[in-house]
1. Restricting to segment 89-105, give me the number of residues that are crowded, with 20+ Cβ neighbours inside 10 Å and of a type in the set (Gly, Ala, Ser).
2. Of a type outside the set (S, T, N, Q), over 26 Å from the mean Cα position of the chain (by Cα), within 29 Å of Asp308 (Cβ to Cβ) and surrounded by 14 or more Cβ atoms within 10 Å (Cβ to Cβ): does that describe Lys199?
3. Filter segment 114-134 down to the residues that are open to solvent by less than 20 Å² (accessible area, probe 1.4 Å) and more than 26 Å from the chain's Cα centre (by Cα), then identify the one that is nearest to Arg56 (Cα to Cα).
4. Tell me, which helices (runs of 4 or more DSSP H) wholly within segment 172-266 include 2 or more residues that are without any contact (Cβ under 8 Å) to a residue 24 or more places away in the chain?
5. Tell me the residue from Gly190, Gly186 that is open to solvent by less than 60 Å² (accessible area, probe 1.4 Å), touching a Leu at 6+ places or on another chain (Cβ under 8 Å), farther than 15 Å from Val329 by Cβ and modelled with pLDDT of 95 or more, please.
6. State which residue is least open to solvent (accessible area, probe 1.4 Å) when the search covers only segment 51-66 and only residues that are within 18 Å of His146 (Cα to Cα) and either of a type in the set (Phe, Trp, Tyr) or not in a strand (DSSP E or B) (or both).
7. Filter segment 1-16 down to the residues that are assigned to a helix (DSSP H, G or I) and within 22 Å of Ala140 (Cα to Cα), then identify the one that is farthest from the chain's Cα centre (by Cα).
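The values are calculated or read from the model by the stated rules, or taken from the named source; none is laboratory data. This structure is a prediction, so every number in the text was calculated from the model and none was measured. All Cβ positions, glycine included, derive from the backbone under ideal geometry; neighbour counts span all protein chains shown. Heavy atoms of the whole protein, side chains included, go into the accessibility calculation; ligands, DNA and RNA do not. Shrake-Rupley method; radii C 1.70, N 1.55, O 1.52, S 1.80 Å.
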Amino acid sequence: MFLVKTQRNLENVAAARIEEETGAETEPRPFGYLGLVIVTGHVTKEELERIQEVERAIPVEAECRADPKEIAETAAELAKTKISEDETFAVRTIRRGEHDFTSVDVNVEAGDAVREVTGASVDLDDPDKIVWVEIIRDRAYLAVLHGEEEWKKLPPGKPEADPLLAKVELAQIPYLGDPRAAYSMGERIGRAVQGFELKSYIVTPYEPVNAVELLHFLRGLRDGVKSRMEVQRESYGRKFRRTELLVYDLYQLVRMKRDAPIVGTDPKGKPYTKVREELGETLREADEVVVLAGSRVGLPRGVLRTCDFVVDLCPGVTFATEHVVPSVVTALVDSYLEVEGEEDREE
């Protein structure tokens, strides 16, 4: 028996493909639960994972009632022959249905039981083995998987961009005009800067601007940040950093930040490929980095002359305003991680 995970609303498609390719019997959406197909019959994990609609195929190695004590006993019995004393493990539980216990309750009780019978140590971040528990209403299905089968956004050894993002202050000329357009643009930019969790986003007019248009842009910026924070609060398993929103005159900002490296983005600058390595070295060594960008209008020439780098990210292409933040930040991360990777390889 296998529990197959699919993208939501592709359960019937995946079930049909499994039946066609393997001849196994399927039950898509058991009890109406999306993203799940129960597969029974003579079939292997390799056969199932050759089907593109299959996200994961979990072999069911034991089954019991959905009760924390029974799950713990079953997990311990299963682990005796699957986990050795010199290995590390973790328990992961996914629960579907109404119960008087939580997934954490199962993890704790089953983890204690497995540790007692195997002598293995618990490692929640990078375990050698995973005791996987899938609960569907009143039944629990268990398997012991290799740790590498659990895909992680940030496994050990994978370089991190956050040390750079935490010191980037991105300054941009505000997008003004029709109030609805200004609000919409601000909202999109707000989601982007909060998505990267930049140190700050600075709105930098350099001449008198219409107060009402600026107000709508700032409202959109605030709402975009709040919208993205709600997603981060619900889906992230870690604390996230809120991007500070500031307003400051562009010329005064450049004067105030003259001790920090300042990166200007402009079609008149050098191609990114020509400055990538030098830029990466600067980003790695700096305590803070100021990045300047235009919107409907480009950066003033006098400001560009004061920049340590003036970079053309994509020669021949002028970015739409809402694309500036992801384009600029992605380029900075690329150059930063390239230098970090070189250092790791040398070590």
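1. Looking only at that region, the number is 1.
2. no
3. By that ranking, first place goes to Val114.
4. Per the criteria, 211-235, 250-256.
5. Gly186
6. Val60
7. Step by step, filter segment 1-16, then rank; the result is Ala15.
Condition check ((1) over 22 Å from Arg139 (Cβ atoms); (2) at pLDDT 95 or above; (3) surrounded by fewer than 18 Cβ atoms within 10 Å (Cβ to Cβ)) across all residues:
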position: Ile18; (1), (2), (3): no, yes, no
position: Glu27; (1), (2), (3): no, yes, yes
position: Val37; (1), (2), (3): no, yes, no
position: Glu49; (1), (2), (3): yes, no, yes
position: Thr81; (1), (2), (3): yes, no, yes
